[in-house]
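Following: one structure in structure tokens, then a few remarks.
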Amino acid sequence: MRIDRDTFREILDSLLRNRSRSLLTGFGVFWGVFMLMLLSGGGNGFRELLEKNFEGFAHNTCIVFPSETTKPYKGFQKGRYWSLNLTDVDRLKNLVPELETVTPLVSMWGRSVSNGDRLFTASVKGVRPDYSNIETPKLVYGRYINWMDIQEDKKVCVIGKKVYKTLFPEGGDPCGKKVVMDGVYYQVVGVDYNEGNMNVNGRADEALTIPMSTMSRTYNFGNQIQLLCFTAKEGIQMADLIPRIRVILARNHYVHPDDEQAMYMINTQVLFGIIDNLFKGINFLVWLIGLGTLLAGAIGVSNIMMVSVKERTTEIGIRRAIGATPNQILWQIIAESIVLTLVAGMMGIVASVLVLAGLELGMTEDGILKATFQVSFGIALLAALLLSVLGSLAGLAPSLRAMAIKPVDAMRDE
Amino acid sequence: MALIELRDINKTYNNGQPLHVLKGINLDIERGEFVSIMGASGSGKSTLLNILGILDNYDTGTYHLAGKLIKDLSESQAADYRNRMIGFIFQSFNLIGFKTAVENVELPLFYQGVPRKKRHEMAMEYLEKLGLTQWAKHFPNEMSGGQRQRVAIARALITKPEIILADEPTGALDSKTSVEVMQLLKQLNKEEGITIIVVTHESGVANETNKIIHIKDGIIGQIEENESHSAWDGTMMK
């Protein structure tokens with residue numbers, strides 16, 4: 001059959017002159033698409049927001065916290081305090097070649113740092129340069145701690161965003177300027193803008209990072225360290241290494257190898273795996289719900305078209321009596337279904353895009369978007385394509401029924 | 001050759017119990033005739049009308065319409081013949097409710113593929129002929145029964161068909177408009193020479209036609225010439 005402006009007008013006429021029926025039918029599809037787009041966009045934005053929290057934190061890190069022993073071992077009673085030291089770092093490096101980075105951390109909380117009359121209460125972290133493999137700094141000025149700083153016990157520091165904003169409200173590059181902590185002057189060599197919510201011993205934006213050797217000397221830590229962080233090489237499961245590492249460290253400190261509370265280990269790989277799976281699940285649910293709603297909408301269209309065909313038996317009979325071929329009727333019903341589904345679906349896409357745009361507007365801070373909620377053009381296109389397929393499928397059964405209507409039925413119905 | 005030539009038409013319905021409705025119909029209708037087919041309900045007159053209108057098939061016999069054998073047509077062929085050769089007028093008007101008068105009249109031309117503008121012009125022309133110009137933009141439910149039937153007549157005429165088949169055209173009208181509609185058909189027959197076949201069970205209506213074909217129990221009984229319109233003492237629907 002010919003598809004021209006005339007045919008299209010005929011279809012539009014049928015749909016527009018039966019407005020409430022078309023509206024109700026279209027709403028099912030509208031809602032389906034709206035939900036699908038909204039959920040997929042919202043889910044995506046939500047994930048981005050959550051991932052922001054872990055930004056700059058290595059995904060395959062393990063952190064060891066020494067703690068009070070709970071099991072007696074080799075003549076030592078339980079309840080003994082112990083701590084890690086620098087030999088553990090070398091031991092792990094030598095004995096576990098699967099490890100990429102092994103780095104110690106010493107830290108203190110609530111130290112007053114000042115620049116002139118401005119004061120900030122910061123946490124202090126003493127690190128080695130390779131600590132940047134654990135918490136990746138986002139340097140906007142200067143550099144990170146380097147090996148030279150460690151060797152020469154330099155009094156230099158990298159300051160977090162909040163420290164910088166408080167101590168240097170005038171802005172600009174603070175590198176070369178000095179800040180005071182506990183009577184010791186430290187030269188600022190870098191500013192770290194990392195704002196992730198996953199940190200070791202204090203938020204990065206409230207921290208003053210100094211060379212570990214400087215910190216140990218200044219505060220008399222000797223070769224004791226508080227935490228041990230390590231990352232595994234690419235493709236190696238951290239969980240496979242942990243039992244070995246536990247034994248190595250335990251042997252060095254006469255701690256029972258099975259005493260999990262004495263040597264508490266956090267494996268971020270497991271954590272990130274859980275989160276990853278969570279979002280895979282959420283994503284799956286989003287599409288399940290969205291497609292389900294859409295499918296329900298399409299079935300609704302099919303159903304109402306079916307009723308509509310039944311209701312229009314007379315009309316179709318008249319059309320047949322005055323010369324419409326069965327094919328013309330078939331195409332008219334299918335086309336009506338496609339047009340209805342597409343128009344309603346497009347409205348759903350537009351509405352969801354608008355809502356998501358509003359959501360993004362509310363999520364923007366200082367002109368910087370926190371997370372993208374908007375669906376991509378490709379997804380919208382895919383949805384439109386899906387709609388036309390669904391529309392024609394939905395129109396199939398009703399149109400076949402319409403085709404079977406004989407012109408005599410028109411008169412018989414009266 | 002007559003415009004309509006029926007030879008030994010037989011039709012049996014097989015809904016559960018076989019029902020032999022038409023038992024050998026032989027009928028000739030010439031071009032320009034104004035004929036009525038009369039019979040009680042169940043006599044087979046509706047079935048005959050359906051066969052004449054290519055709305056239904058017959059079992060045996062032959063039916064020639066304007067020289068063409070109408071038998072075992074495909075659905076789309078039947079649709080095409082209906083569209084070009086036959087105009088229908090129904091008891092209940094059978095206008096499409098969501099279309100205006102002029103759109104209803106245009107519809108047969110739409111299925112012929114006539115361009116919109118041309119269709120509209122022709123439809124307006126026919127509506128004018130039937131005195132409905134100012135009703136063109138109205139929907140069927142805004143019109144009286146007589147006006148609706150006139151719209152239906154315009155729709156039947158617009159394709160310039162060979163025959164007009166009217167199935168109880170006055171069945172849903174009051175007596176005054178019934179007379180008007182019959183006068184209109186009469187006039188169309190006289191002035192334009194259009195062949196009209198009216199199916200009715202009302203003798204008053206049949207009396208307005210020039211020939212009355214009585215059908216009873218599936219066979220044609222009597223064919224009355226009625227040029228004088230006096231078959232029933234001349235009183236139509238008091």
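So for B:Glu125, B:Glu191, B:Glu168, fewest C-beta neighbours within 10 Å to most, what's the order?
B:Glu191, B:Glu125, B:Glu168
Looking at the calculated P(r) for region A:1-104, what percent of the C-alpha pair distances fall above 18 Å?
On the way: 4107 of 5356 pairs.
The calculated P(r) of region A:1-104 puts 77 percent of pairs beyond 18 Å.
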*Could you pull out every one of the lysines with an alpha carbon less than 30 Å from that of A:Lys155, ignoring same-chain neighbours closer than 8 positions?*
A:Lys93, A:Lys125, A:Lys138, A:Lys165, A:Lys177, A:Lys178
*For chain B, what proportion of DSSP beta bridges, expressed in % and rounded to the nearest 5, is antiparallel?*
55
*Filter the trypsin sites (Lys or Arg not before Pro) in region B:1-48 down to the DSSP loop ones having no more than 14 other Cβ atoms within 10 Å, then list what survives.*
B:Arg31
*Can you give the angle from 0 to 90° between the axis of helix A:238-253 and the longest principal axis of chain A, with both taken from C-alpha atoms, to the nearest 10?*
20
*Name the residue farthest towards the positive end of the dipole of region A:182-335 from the options A:Val184, A:Ala204, A:Gly317, assuming +1 on Cβ of Lys and Arg, -1 on Cβ of Asp and Glu, about the Cα centre.*
A:Gly317
*Within region A:105-210, report the GluC sites (Glu not before Pro) that DSSP leaves as loop and that have at most 14 other Cβ atoms within 10 Å.*
A:Glu152, A:Glu170
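Normalise the Cα radius of gyration of chain B by 2.2 N^0.38 Å (N = residues in it) and let me know the number. Don't skip to the answer; put the middle values down first.
Values: Rg = 17.6 Å, N = 238, 2.2 N^0.38 = 17.6 Å.
Rg over 2.2 N^0.38 Å, computed on Cα atoms: 1.00.
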*Which angle from 0 to 90°, rounded to the nearest 10, does the C-alpha axis of helix B:145-157 make with the longest principal axis of chain B?*
80
*Please state the relative contact order of region A:109-249 as a whole percent: Cα pairs under 8 Å, 6+ residues apart?*
30
_Residues of type lysines that B:Lys160 reaches as a straight line, Cα spacing below 26 Å, ignoring anything fewer than 8 places off in the same chain_ = A:Lys406, B:Lys45, B:Lys68, B:Lys71, B:Lys99, B:Lys117, B:Lys118, B:Lys129, B:Lys137, B:Lys186, B:Lys190, B:Lys211
*Mean separation of Cα contacts under 8 Å (6+ apart) over length of region B:134-213, as relative contact order %*: 31
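Roughly how big is the protein assembly as shown's charge dipole about its Cα centre, with Cβ charges of +1 (Lys, Arg) and -1 (Asp, Glu), in debye to the nearest 20? Numbers along the way, then the final one.
Working: 68 positive and 70 negative charges, 332 e Å.
Magnitude of the dipole: close to 1600 debye.
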_Taking the Cα centre as origin and putting +1 on Lys and Arg beta-carbons and -1 on Asp and Glu beta-carbons, what dipole magnitude results for region A:224-312, to the nearest 20 debye?_
300
*Between the helical axis of A:268-311 and the dominant principal axis of chain A, each derived from Cα atoms, what acute angle in degrees is found, rounded to the nearest 10?*
10
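In deg cm²/dmol and to the nearest 500, what is the mean residue ellipticity at 222 nm of the protein assembly as shown if only DSSP H runs of at least 4 residues count, each as -39500 (n - 2.57), divided by the residue total?
On the way: 19 runs with 296 residues, N = 652.
Computed ellipticity for the protein assembly as shown at 222 nm equals -15000 deg cm²/dmol.
Among the trypsin sites (Lys or Arg not before Pro) within region A:188-290, which fall in a DSSP loop and have no more than 16 other Cβ atoms within 10 Å of their own Cβ? Provide the component values of the computation, followed by the final result.
Numbers: sites: A:Arg203, A:Arg217, A:Lys233, A:Arg244, A:Arg246, A:Arg251, A:Lys280; in loops: A:Arg203, A:Lys233.
Hits after loop and neighbour filter: A:Lys233.
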*For the protein assembly as shown, build the charge dipole from Cβ charges (+1 Lys, Arg; -1 Asp, Glu) around the Cα centre, then report which of B:Thr60, B:Val199, A:Thr268 sits farthest towards its positive end.*
A:Thr268
*For chain B, what is the relative contact order in percent, using Cα pairs closer than 8 Å and at least 6 residues apart in sequence?*
27
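No lab work stands behind these numbers, since they all come straight from the coordinates. This one's a predicted model, so the numbers in the text were calculated from it and none came from an experiment. Because the Cβ atoms are built from the backbone with ideal geometry, glycine has one as well, and the counts that use them run over all protein chains shown.
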